[in-house]
Structures are given as C-alpha cells and as structure tokens.
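A short write-up of the structure that comes next.
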Amino acid sequence: VERTRLQAALVQAQSARLDAEVAEQTARDALLLLLGRQPGEPISPGTDVGEVPVLDIDVAKAVDVALSQNLDVAVSRRTLELAELEAKNARHGLLPSLAATASVGSGSQVGRALDEDGNVLDEGGQSFPQGGAGDALGNLFSDPLPTYSVGGTFSVPLGNRSARGSRERAELSVQQRQSELLELERSIASQVQQQVRRLESARQKVDLADANQRLAEETLAAEEALAEAGRSIQKDVLEARTEVDRTRAEAAKSRTDYRQAQVELLRLQGQLTERVP
C-alpha cells in the first residue's frame, strides 16, 4: 500500500513539475517581450529578492505625495489649465474690439512747373529762368514736410451666436476637465490606500511564511529521527521534505509579492526609478 502511495505521489509530482516548467517559460517569455528581446533567450535575475524591511507608512502622507507627484494627475491638471485658458480666450469674442492704424511719412508742399523753354513758372504763370529768383522761390517750398495719419475702427458684436457657442463649449470643457481631475484624484487616493494595506498585509505574510518554513523544517527533522528509530515510514519523511520545499517556495513568493506591492505604491506616488527599492 505504501509503495502504491509513493508511486501515485511521484506521478503527481511529475505532473506538477511539468505545469511549473510551462508557467516558468511563459513568465520568462513575457518578461523578454517587455524588455524588447526575443522569446526563448536565456535570462537570469539581476538582483535577489533580499530581506523585507519593516515600514511604518502614514496613509495620509502617502496620498498627499501621490496627488502631488503622480504623472496622470499632473497631466490632468495641465489639461484643465489649457481648457480654462481656452475658455478665457473664448470670452473675448463677445467683447467690443478696437483696431487702430497709424502712418508716418514726408512730402513736398509746393512743386515746381516748367514751361517749354525750361523756365520756372510761379503760381501766377509768370516764367523765371532757372537759377534766378523763381528757382529760389520754388526751392523754398519744395523741401519735404513730415506727414502723420491716425485711424481707428471700433466694432461692437451684436448677437454673435458663433462666439457665444464657442464660449459655452469652452466652459463645458472646463467643467468636464474639472470632473475628470476630481475623479482621478479620488481614484489615486483610493488606490494608494489600498496599496498601503496590501503592503502591510504582504509584510505580515512574509513573517507567517518564515514561521511555516521553520515549523516544516522542525517537522522534517523529527520525522527523520523517527524513521531512523524505526518508528516512522519513509512516506512520512518524503511528505515532510515536500512540505519544507513548499514552505520555502511560499516564503520566496511572499517576498516577491511584497516587492511588487512596494513598486506599485511607488508608481502611484510618481517615485518609481531604476533604483531597486
């Protein structure tokens, strides 16, 4: 009977090993794809899981950090600022407008006229030879004089349905962005609180997994002593060894879960860097 039970346990262990190999290969390929590499390439962890530190996290402060540094919240706030600026510009279409123009130049006040002989004609039609008194009189009034001109157009919109529609759309966009920002802030705050609880729970699970591993190792030592004394069968020893392996795997997984919870909290707070936390 014991031999049959051992053979059945061996079959189950082989089946579990195949499932574990498939799961390991799937996780490996998924990680390689995230790294931009080809599936099937050899890969190994660059750092160990390490020991889990004891953290005393203030939930309120953690939420404040997330709301001030979270990337999604920062983008949403910037979008709201742009919507408010567009709404302010849209209101200008309903205001009166004034357009002003100004020009500055110079020109001659009196020009000189010449007859068929090339003499200078004055205002009365009397001709004077060039270089004489007429020419001097003409040069007196031919100097350029400055000219100025200023104009303006004042317009008042009447009705202006297009501008009113643009203003209403811009104000509606501001309200929508405000609602999205508030909803995002509530969501981030809730996620941070939940992640802090997960982190604390993962820390407790690490302690429990370590305690289970110690108990399993003590049980294995006792079963081996009983087997040597002839008071226990090998099946009990094998089961105790299997339990030790299982508790070791659980202890490693609990530390991995803790690291994942810690990384997710740092991501929500906008503090995730390449440095290992």
Would you call Q271 assigned to a helix (DSSP H, G or I), open to solvent by 40 Å² or more (accessible area, probe 1.4 Å) and either under 26 Å from L184 (Cα atoms) or among the small types (G, A, S) (or both)?
no
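Each row is one residue, and each column tells you yes or no for (1) within 26 Å of T273 (Cα to Cα); (2) touching a helix residue (DSSP H, G or I) at 6+ places or on another chain (Cβ under 8 Å); (3) of a type in the set (G, A, S).
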site: Q25; (1), (2), (3): no, no, no
site: V49; (1), (2), (3): yes, yes, no
site: V54; (1), (2), (3): yes, yes, no
site: K61; (1), (2), (3): yes, no, no
site: R78; (1), (2), (3): yes, no, no
site: A83; (1), (2), (3): no, yes, yes
Some residue of region 41-50 being surrounded by 10 or more Cβ atoms within 10 Å (Cβ to Cβ), over 30 Å from V150 (Cα atoms) and hydrophobic (A, V, I, L, M, F, W, C):
yes
When region 220-261 is examined, which residues are found to be among the polar types (S, T, N, Q) and assigned to a helix (DSSP H, G or I)?
Q234, T242, T247, S254, T256, Q260
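Got at least one residue in region 23-33 being more than 30 Å from E243 (Cα to Cα), aliphatic (A, V, I, L, M) and surrounded by 10 or more Cβ atoms within 10 Å (Cβ to Cβ)?
Step one: list which residues in region 23-33 are more than 30 Å from E243 (Cα to Cα), which gives 32-33.
In the following step, the residues that additionally are aliphatic (A, V, I, L, M) were identified as 32-33.
Next, from what is left, pick out any that are surrounded by 10 or more Cβ atoms within 10 Å (Cβ to Cβ): 32-33.
Within region 23-33 (the criterion being more than 30 Å from E243 (Cα to Cα), aliphatic (A, V, I, L, M) and surrounded by 10 or more Cβ atoms within 10 Å (Cβ to Cβ)), the answer is yes, since at least one residue qualifies.
Any idea which of L268, L238, L172 is of a type in the set (A, V, I, L, M) and farther than 30 Å from E84 by Cβ?
Working: L268 fails: farther than 30 Å from E84 by Cβ; L172 fails: farther than 30 Å from E84 by Cβ.
On inspection, the qualifying residue turns out to be L238.
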Please work out which residue is nearest to E41 (Cα to Cα), limiting yourself to region 1-28 and to residues that are in contact (Cβ under 8 Å) with a residue 24 or more places away in the chain and not small (G, A, S).
L6
Could you count how many residues in region 51-71 are assigned to a loop (DSSP other than H, G, I, E, B) and surrounded by 10 or more Cβ atoms within 10 Å (Cβ to Cβ)?
5
Being in contact (Cβ under 8 Å) with a residue 24 or more places away in the chain and under 45 Å from the mean Cα position of the chain (by Cα) is the filter here, so list the residues in region 212-252 that pass it.
N212, Q213, V244, R246, T247, R248, E250, A251, A252
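Going through F154, F141 one at a time, which residue ends up being exposed (fewer than 14 other Cβ atoms within 10 Å of the Cβ), touching a Lys or Arg at 6+ places or on another chain (Cβ under 9 Å) and modelled with pLDDT under 75? Full working, then the answer.
Values: F154 fails: touching a Lys or Arg at 6+ places or on another chain (Cβ under 9 Å).
None of the others qualify; the one that does is F141.
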Sort out which residues of region 242-258 are exposed (fewer than 14 other Cβ atoms within 10 Å of the Cβ) and over 30 Å from Q195 (Cβ atoms), and write them in order of number.
D245
Number of positions in region 83-112 that are modelled with pLDDT of 70 or more and under 15 Å from S166 (Cβ atoms):
10
Out of curiosity, is A209 crowded, with 18+ Cβ neighbours inside 10 Å, assigned to a helix (DSSP H, G or I) and touching a residue at least 12 places away in the same chain (Cβ under 8 Å)?
yes
Would you check if A261 is of a type outside the set (K, R), surrounded by fewer than 13 Cβ atoms within 10 Å (Cβ to Cβ) and either modelled with pLDDT of 85 or more or more than 19 Å from Q14 (Cα to Cα) (or both)?
no
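The values are calculated or read from the model by the stated rules, or taken from the named source; none is laboratory data. Bear in mind that the values here come from a model prediction, so they are computed numbers and not experimental data. Note: ideal-geometry Cβ built from the backbone for every residue, glycine included; neighbour counts use all protein chains shown. All accessible areas refer to the heavy atoms of the entire protein, side chains included, with ligands and DNA or RNA removed. Shrake-Rupley method; radii C 1.70, N 1.55, O 1.52, S 1.80 Å.
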